[in-house]
Amino acid sequence: MKVIDLRSDTVTQPTDAMREAMRQAEVGDDGWGEDPTVNRLEAMAAEVMGKERALFTASGTMSNLLAVLTHCQRGDEVILGDESHMFSYEVGGSSTVAGVHIHILPNNKRGMLEPEEVEACFRPPDIHFAPIGLVCLENTHNRCCGAALSAEDTKKVAEVATRHMTPLHLDGARIFNAAVSLGVEARELTRDATSVSFSLCKGLAAPVGSMLSGDAEFVERARKYRKMLGGGMRQAGIIAAAGIVALETMVERLTEDHRNAKVLAEGLCNINGLIIDPETVRTNIVIFELINGSPERFVTRLAERGVKAVPFGGRRVRMVTHYGIELEDIKTALDIISSVVKEVAR
């Protein structure tokens, strides 16, 4: 029985072309800046993000933490959305490691921070207030059904930050999903961000890695913090090679994941016992609610039948389409889900 793993797009397997590129990768010592494959990947990432430089890191969590460390001083305040990945899933690293104070604002249903609410965070200078060192957005937005922010959305918040001489970091883990969904180049969506991170190992299907980009000075300072965090790698071209193939070959195919996610959402809408609005599904993330029964039991029973998903807080369940999941898998999964919904509702 094939396991249909819809837990996340991080479970993707590298393509044959990636495996071959890794086998043949020309390598050097990246700690000395001498790995030609890493250097090529970093140059490619900077180009597609529209930034001066880029840095290869072990993970999106590392990239985001490096952004906070590089932009901020200890004791600064960082503005984050209450549904953001940086707030919910990065182990409190910004506070614990970077020593910053987190100021939470509500994300709306599209994952956006309201510019007026960001503006209100900037208070007059006062001995009692922590200075705001960074504003952060996320695109696409994981906990908001994979919603994609437009270039204009980001610009509105960036204008507020710029007015107060504060950088804007964009957690663009799935920025290419946003670009494909909106029909624009990724660099258009990152134009107004001071720095941006994106993942190689989610929809792009590389086995490991993230990229952090910004201006040259920012990246050089981030490189030193990467070393501090234990992220200084040696012959990293072996894994960077897969990232190059990912950027060259895996972006346009994201439309398949979005199409499969829409089919999944429309099928879930027709299953009694579930609540979902298919119109909220724009990229590859599908979030629905279970009316009766325990989401944990629901997910356990699904796994026993060969479909993997994750509970997502309250009565919600998340499924993510990705490379390796075909349209026939979605149809099979819908049949199994329909059966299991009836079981857990008894």
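The table below lists the values:
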read-out: Residues of the stretch 147-161 classified as free of Cβ contacts under 8 Å to residues at least 40 places away in the same chain, farther than 12 Å from CYS136 by Cβ, buried (at least 16 other Cβ atoms within 10 Å of the Cβ) and of a type outside the set (Lys, Arg), total; value: 1
read-out: Hits in the stretch 290-328 (condition: closer than 14 Å to LEU6 by Cβ, of a type in the set (Val, Ile, Thr) and out of contact with any Phe, Trp or Tyr (no Cβ under 7 Å at 6 or more places or on another chain)); value: VAL299, VAL307, VAL310, VAL320, THR321, ILE325
read-out: Complete set of residues in the stretch 99-138 that are of a type outside the set (D, E, K, R) and either part of a strand (DSSP E or B) or touching a Phe, Trp or Tyr at 6+ places or on another chain (Cβ under 9 Å) (or both); value: HIS101, ILE102, HIS103, ILE104, LEU105, ILE132, GLY133, LEU134, VAL135, CYS136, LEU137
read-out: Test: residue in the stretch 266-276 that is in contact (Cβ under 8 Å) with a residue 12 or more places away in the chain and closer than 24 Å to VAL184 by Cβ; value: no
read-out: Test: residue in the stretch 183-199 that is in contact with a Cys (Cβ under 6 Å, 6 or more places away or on another chain), assigned by TED's automatic domain parsing to the domain that holds HIS71 and modelled with pLDDT of 95 or more; value: no
read-out: Among residues of the stretch 28-40, those that are surrounded by fewer than 18 Cβ atoms within 10 Å (Cβ to Cβ) and either touching a residue at least 24 places away in the same chain (Cβ under 8 Å) or of a type in the set (Gly, Ala, Ser) (or both), counted; value: 6
read-out: Any hit, the stretch 313-334, residues being in contact with a strand residue (DSSP E or B) (Cβ under 7 Å, 6 or more places away or on another chain), of a type in the set (Phe, Trp, Tyr) and not in a helix (DSSP H, G or I); value: no
read-out: Condition broken by LYS109, with the remaining ones in (1) in contact with a strand residue (DSSP E or B) (Cβ under 6 Å, 6 or more places away or on another chain); (2) under 25 Å from GLY146 (Cα atoms); (3) touching a residue at least 40 places away in the same chain (Cβ under 8 Å) satisfied; value: (1)
read-out: Answer residue from the stretch 176-224, given it is within 13 Å of the chain's Cα centre (by Cα) and among the hydroxyl-bearing types (Ser, Thr, Tyr) and is farthest from GLN13 (Cα to Cα) among those; value: SER197
read-out: Condition check for VAL263: in contact with a helix residue (DSSP H, G or I) (Cβ under 6 Å, 6 or more places away or on another chain) and more than 19 Å from GLU20 (Cα to Cα); value: yes
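The rows are residues; the columns are (1) surrounded by fewer than 24 Cβ atoms within 10 Å (Cβ to Cβ); (2) assigned by TED's automatic domain parsing to the domain that holds TRP32; (3) farther than 16 Å from ILE175 by Cβ.
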{"residue": "SER210", "(1), (2), (3)": "no, yes, no"}
{"residue": "SER213", "(1), (2), (3)": "no, yes, no"}
{"residue": "ALA216", "(1), (2), (3)": "yes, yes, yes"}
{"residue": "VAL219", "(1), (2), (3)": "yes, yes, yes"}
{"residue": "GLY230", "(1), (2), (3)": "yes, yes, yes"}
{"residue": "GLY237", "(1), (2), (3)": "no, yes, yes"}
{"residue": "ALA242", "(1), (2), (3)": "no, yes, yes"}
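Matching residues to (1) over 29 Å from VAL320 (Cα atoms); (2) at pLDDT 95 or above; (3) buried (at least 17 other Cβ atoms within 10 Å of the Cβ):
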position: VAL3; (1), (2), (3): no, yes, no
position: ASP9; (1), (2), (3): no, yes, yes
position: THR57; (1), (2), (3): no, yes, yes
position: LEU65; (1), (2), (3): no, yes, yes
position: ARG74; (1), (2), (3): yes, yes, no
position: SER84; (1), (2), (3): no, yes, yes
position: SER94; (1), (2), (3): no, yes, yes
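The values are calculated or read from the model by the stated rules, or taken from the named source; none is laboratory data. These figures come from a predicted structure and were not determined experimentally. All Cβ positions, glycine included, derive from the backbone under ideal geometry; neighbour counts span all protein chains shown.
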